[in-house]
1. Once phi is turned into ³J(HN,Hα) by the Karplus curve 6.51 cos²θ - 1.76 cosθ + 1.60 with θ = phi - 60°, what whole-Hz value does each residue of the stretch 181-192 show in order, with x for glycine and proline?
2. Ranking request for peptides 174-185, 63-74: highest mean number of other beta-carbon atoms within 10 Å first, then the rest in descending order.
3. Karplus couplings for the stretch 193-200 from phi (6.51 cos²θ - 1.76 cosθ + 1.60, θ = phi - 60°), rounded to Hz, Gly and Pro as x?
4. Go through 93-102, 123-132 and give me the packing order, highest mean Cβ count within 10 Å leading.
5. What distance in nm lies between label points placed 7 Å from Cα along the C-beta direction at Leu125 and Asp87?
6. Treating only the Cβ atoms of Lys and Arg (+1) and Asp and Glu (-1) as charged, compute the dipole magnitude of the stretch 57-210 about its Cα centre; round to the nearest 20 debye.
7. Pop the C-beta distance of Gln109 and Leu68 into the FRET formula with R0 = 22 Å and round what comes out to the nearest 0.05.
8. Could you grab the relative contact order for the stretch 105-210? Cα pairs under 8 Å, six or more apart, rounded to a whole percent.
Amino acid sequence: TKNNYVNRNTTIHTSGKQPAIYALNTAGIQALKAAPNIDTISLRKLYREHERSTSFIQRCLLIADINLDLRERTSKLIDYGMYVPSDYAALPLSHELTKLAPHAVIVRQKSKQTDPSFIEVISELPDKHLRTQLNRYILPFDTGEWKAETHLSFPALLLVATTPEVAKTTQRLIKQLTNKLEGSKPKILITTSDKVTKHGITGDIWQPLS
């Protein structure tokens, strides 16, 4: 911020535990624009960084906190891997993961057993939009599309609601959506972001929904 290239925002979080948020301002972007071999496509994206919504920033910070928590919990007996959308192109199931677009994928490895899970952060949204967000997972399971394309069972879906009220709404919608399914149902669990922050992603914080 010394040369006025970067804006620093410390007011977006009130818990006192979150880092400051930095974004390039116009002066910083102009300085990059004058640099050689600059990627103009990436540069155009940077113009919008300061306009990112509070919910988007909070989600990114939560995902980062989960990643750090899993790194601390990795041991010789249990290994945790975590991947975010920018990683999907390099993964074996790149096409399927890119299409499904979970906020993160966690892979737990113990001995010879591998357990993958999807992480989806649920913010306050109108029911219509939230139902669409949840159906991204339920439909590939119900139609058998995931299993047909990957030859794997559908991973557990871990929903992290940003507030208890959002959790209640999500529970209601999940019940409506899964009640329509014939046969087996996907494994879906829910918690809140406060519980994840307090107890960690592997804590006894998950409530099964199906």
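1. Each residue of the stretch 181-192 in turn: 6, 9, x, 5, 10, x, 7, 10, 10, 9, 8, 10 Hz.
2. For the peptides 174-185, 63-74, the packing ranking is 63-74, 174-185.
3. 5, 4, 5, 4, 5, 7, 10, x
4. My ranking of the peptides, most packed first, is 93-102, 123-132.
5. Taking the simple label geometry, Leu125 and Asp87 are separated by 2.3 nm.
6. The dipole magnitude comes to about 280 debye.
7. 0.75
8. Over the stretch 105-210, the number comes to 26 percent.
Laboratory data are not the source of any read-out in this text; all were calculated from the coordinates shown. A quick note: this is a predicted structure, and the numbers were derived from the prediction, not measured. Please note: Cβ atoms are built from the backbone with ideal geometry, for glycine as well, and neighbour counts cover all protein chains shown.
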